[in-house]
Amino acid sequence: MMLQACLNGGIRPDAAAGVPRRPAELAAEARAAIAAGAESLRVHPRDAAGEETLAPDAVAAALTAIRAAVPGVGVGIGTGDWIAPGGTARHDDIAGWTERPDFVSINLREPDAPTVMDLMIRQEIGIEAGLWTLEDARRFTDLATAERCLRILIELPDCPAPVAKAEAARILAHLAEHGPALPILLHGCGRSAWPMLMEARLRGLSTRMGLEDVQSLPDGTPVADNAPLIAMARDLMAGS
């Protein structure tokens, strides 16, 4: 079971004081997360104003800083269609990357997901197929390129734990019957973050944890940076 650290996402500084945005901050958080027990990293590069971006220069700066801090660790980025300039307009940024991530996540709920997957395949970048719902899972398994993905990313929203658990079960059942034999990473957000980590542990699946998904420990204690979240996640996965 692999533990991935999701360092920042679109989280604003007022939600977590230590959320990293600049390359040096991402590098420092990456180093701390790996020391705390993470095995791979996921980040959302930011521009000079602190906004999410897929622009080649910002992506290169973030990846270069992180790789210098934690050599040999896989680093992925999100490609959500909300990232400026948004929608298909972001394809030019993706095609122009000079420093390439090891993998990206692609949300199957987004209309251009198959096109973004093709862009990644051409660039030989690994794909995490992001499934938020059973409908996403059905769309994914209908794709001819499904089996070319690195892994499947089952992402449950901020919702009560029983709701998240039920939807995860439906998605996993569909994948077991119709999906390619790929590694699966299961995680939640907000209220479902810690319950889905435990569900991943019970099912023997990989998972992720970090400020992108939740800004507090299971007992509700707020955290300012990623390392306490990763350390707690590692302990729970180990049964401590």
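FYI, it's all coordinate maths here, none of it is from the lab. As the structure is a computational prediction, the values presented were derived from the model and not from experiment. Neighbour counts run over all protein chains shown; Cβ positions are idealised from the backbone, glycine included.
Here are some notes:
- In this Cβ point-charge picture (+1 for Lys and Arg, -1 for Asp and Glu), the range 1-134 has a dipole of about 320 debye about its Cα centre.
- Over all directions, the projected convex hull of the C-alpha atoms in the range 128-240 averages 6.8 nm² in area.
- Computed packing ranks the peptides 163-173, 64-74 as 163-173, 64-74, most packed first, by mean other Cβ atoms within 10 Å.
- In this Cβ point-charge picture (+1 for Lys and Arg, -1 for Asp and Glu), the chain has a dipole of about 500 debye about its Cα centre.
- More than 21 Å apart - percent of Cα-Cα pairs taken over the range 83-157: 23 percent
- Cut-off 11 Å between beta-carbons: net charge of the residues surrounding SER206, Lys and Arg +1, Asp and Glu -1: +2
- Considering only VAL73, SER206, PRO111, and ranking their Cα positions along the charge dipole of the range 66-208 that arises from unit charges at the beta-carbon of Lys, Arg, Asp and Glu, the one farthest toward the positive end is SER206.
- The convex hull around the C-alpha trace of the range 24-95, projected and averaged over every direction, spans 4.8 square nanometres.
- Against the empirical 2.2 N^0.38 Å (N residues), the chain has a Cα radius of gyration ratio of 0.94.
- For the range 115-177, the relative contact order comes to 36 percent (Cα pairs under 8 Å, sequence separation of at least 6).
- Entry note, the range 145-239: relative contact order of 25 percent, from Cα contacts under 8 Å with a spacing of 6+ residues.
- Report summary: the helix-based calculation at 222 nm, which adds -39500 (n - 2.57) for every DSSP H run with n ≥ 4 and divides by the residues of the chain, gives -12000 deg cm²/dmol.
- Over the chain, Cα pairs under 8 Å with separation of 6+ residues give a relative contact order of 22 percent.
- Protection-proxy order for peptides 11-24, 41-54, each taking the mean of Cβ atoms within 10 Å per residue, highest first: 41-54, 11-24
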